[in-house]
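Structure first, then comments.
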Amino acid sequence: MRSPNAFRPRSARTAAIVTASMTLLILGGFQAVRADHLPVHGTILARGPFTEELDLKVKARIGGDLELFQVDDAADTIVQQITVQPGGFTGWHSHPGPAFVTVAQGTFTYYDGEDESCTGLPYGPGESFVDIGQGHVHSARNEGTDVVSLYVMYFDVPPGVTSPFIAAENPGVCPF
């Protein structure tokens, strides 16, 4: 069962729409989260405001129920490529708005800051998911032996903010 706050598209059309790309932590291109984390590297590929007002609605299954998350008059969008070395960890964080993630290579394991069982949700090549953002705390790890490559499209990043990554305190649901 997938996280109550992650939506996994099933159709090719939905995956194509999502194909820009959790999460992560990059201030101006590269940042190692903390000294005890292996590097996570991100390159911002594009950024821009919408030329016309855009309201974004995302339906996700939360605790068995479909719930609607809405962004009114979305701010900037950032498209970023992220690589995570084996053993790499993003640290606990959130985003200002929804993040649409597509895994291009490797397996990326997502941890929900509200999941007291600390059950990791692995996503592999060609799989996509949505993180709702808006203060939802989570982390992700590369628990495999191959480099993970992701494409993330972040919505509603305030103008002037250089990173879609908002560091957060460890919610205490996982031992890391």
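Taking other C-beta atoms within 10 Å as the exposure proxy, 174, 118 rank 118, 174 from fewest upward. Taking a point 7 Å from the Cα of residue 67 along the Cα-to-Cβ direction, the residues of the stretch 134-153 with backbone N closer than 19 Å to it are 134-139. In terms of other Cβ atoms within 10 Å, 154, 123 run from fewest to most in the order 123, 154. Close amide-amide hydrogen proximity is noted between residue 54 and 73, 74, each under 5 Å apart and 5 or more residues distant or on a separate chain (H modeled in the peptide plane; Pro and chain starts excluded). Using 0.36 nm per residue and subtracting the Cα-Cα separation, the extra length available between residue 119 and residue 55 on full extension is 19.8 nm. Each of residue 45 and residue 104 was given a label point 7 Å from its Cα along the Cα-to-Cβ line. The distance between the two points is 0.5 nm.
Every read-out reported here was derived from the displayed coordinates using simple, explicitly stated rules and does not represent laboratory data. Keep in mind that this is a model prediction, so the values were computed, not measured. Using ideal geometry, Cβ is built from the backbone for each residue, glycine included, and neighbour counts are taken over all protein chains shown.
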